[in-house]
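Since the structure comes first, as structure tokens, the remarks are kept for the end.
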Amino acid sequence: MSEQKVALVTGANKGIGFEIAAGLGASGFSVGVGARDSLRREEAVSRLRERGVDAFGVALDVTDDSSVAAAAAAVEERWGRLDSLVNNAGITGGMPQNPIGVDLDIVRAVVETNVLGVIRVTNAMLPLLLRSPSPRIVNLSSSVGSLTRQAGAGSATTTGPVAVAYAPSKTFLNAVMLQYVQELAGTDVLVNAACPGFVATDLNGHRGIRTPEQGAATAIRLATLPDGGPTGGFFEDDGVIPW
């Protein structure tokens, strides 16, 4: 196996995911661009290569078992291991999402992508991560998943709008992360959650106040933590987010 570090970023064809891939590439990683759409995926790979990133495309639909299994097989065939996994792919489910009268199919779809998709991808990639001397897992969460902030200790930019599918999906994701931390205790795997802040992306109709580059910073830091770094943390640019 090559000594070059290898990362996989899901949902990396645009926005925050693309900038995470770019940042990891600038740090010397070979970066797998995980995305469903083949055209957008290859366009992203081309753009990253133009920026000097050693990028390669990985066909990946996080909601599909066979797609995820094939993606893991592709990474194994190409590199034999994985050093950093960034679970970035996610959806909002559209707005408004008022709890009274919400379409339960929307809630199911959001949880399928934002939570079950992360479990599916993480489990498929974990054997490859365990072959790395310094494996890192980063889940793109959000401060809207903070129960402390939702209960009244946050601002409008951290609690977001009422969103009975999206916000609880991030709380669920954080809880799932802590289960992995417990199971992986005693290994070298560091698992953390990153909030990018209110970034202008397709996800929110570009209403955000931060750039994708700014939003990618915390995830890049967590994906490149030195040995002995934190695990089981929920972080934003300013530090730790309360649960």
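The values are calculated or read from the model by the stated rules, or taken from the named source; none is laboratory data. Note that the structure is a prediction, hence the values are computed from the model and not measured. As a convention, Cβ positions derive from the backbone with ideal geometry for all residues, glycine included, and neighbour counts pool all protein chains shown. Note: accessible area is taken over every heavy atom of the protein model, side chains too, but ligands, DNA and RNA are not part of it. Shrake-Rupley method; radii C 1.70, N 1.55, O 1.52, S 1.80 Å.
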Q | Inverse mean reciprocal Cα-Cα distance (Kirkwood Rh) of segment 1-110, Å | A | 14.7 Å
Q. How would Ser46, Ser67, Ser30 rank on accessible area, largest to smallest, probe 1.4 Å?
A. Ser46, Ser67, Ser30
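Using only alpha carbon pairs under 8 Å that are at least six residues apart, calculate the relative contact order of the chain and give it in whole percent. Don't skip to the end; give the middle numbers.
On the way: 501 pairs, mean separation 46.7, N = 243.
Averaging sequence separation for qualifying contacts and normalising by length gives 19 percent for the chain.
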**Q.** Most mobile listed residue (Val110, Val62, Val86) in the chain, GNM with C-alpha springs under 10 Å
**A.** Val110
Q: May I ask which residue of Tyr180, Asn192, Leu116 lies farthest towards the positive end of the charge dipole of the chain, with charges of +1 (Lys, Arg) and -1 (Asp, Glu) on Cβ and the Cα centre as origin?
A: Asn192
Q: Would you mind getting the Kirkwood hydrodynamic radius of segment 55-149 from its Cα pairs, rounded to one decimal in Å?
A: 14.8 Å
Q. In the chain, how does Rg compare with the Kirkwood Rh, expressed as the Rg/Rh ratio over alpha carbon atoms?
A. 0.94
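Considering only protein heavy atoms and a 1.4 Å probe, what is the carbon-and-sulfur percentage of the accessible area of the chain? Kindly include the intermediate steps, with their values, before the conclusion.
Numbers: 5870 of 10830 Å².
Summing carbon and sulfur atoms, their accessible area is 54 percent of the total for the chain.
What is segment 1-41 by shape, rounded, prolate or oblate, if you read a ≥ b ≥ c off the alpha carbon gyration tensor as root eigenvalues and call it rounded for a/c under 1.5, prolate for a/b larger than b/c, and oblate otherwise? Intermediate results must be reported in sequence, preceding the final value.
On the way: a/c = 3.05, a/b = 1.64, b/c = 1.86.
Oblate is the answer for segment 1-41, as a/c is 1.5 or above yet b/c matches or exceeds a/b.
What net charge do the residues around Val240 carry, taking every other residue with its C-beta under 14 Å from that of Val240, with Lys and Arg at +1 and Asp and Glu at -1? Provide the component values of the computation, followed by the final result.
Values: positive: Arg149, Arg221; negative: Glu236, Asp237, Asp238.
Result for the neighbourhood of Val240: -1.
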Q | In order through segment 140-149: 3J(HN,Hα) via Karplus (6.51 cos²θ - 1.76 cosθ + 1.60), integer Hz, x for Gly, Pro | A | 7, 9, 7, 5, 5, x, 6, 5, 4, 6
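Find the accessible area per residue for the chain; the probe is 1.4 Å, ligands and nucleic acids are left out, and the unit is Å².
Working: 10830 Å² over 243 residues.
Ligands and nucleic acids excluded, the result is 45 Å² per residue.
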Q) Is any helix in the chain, taking whole DSSP H runs, at least 20 angstrom long along its axis by alpha carbon and on average at least -1.0 on the Kyte-Doolittle scale, and which ones? A) 65-79, 166-183
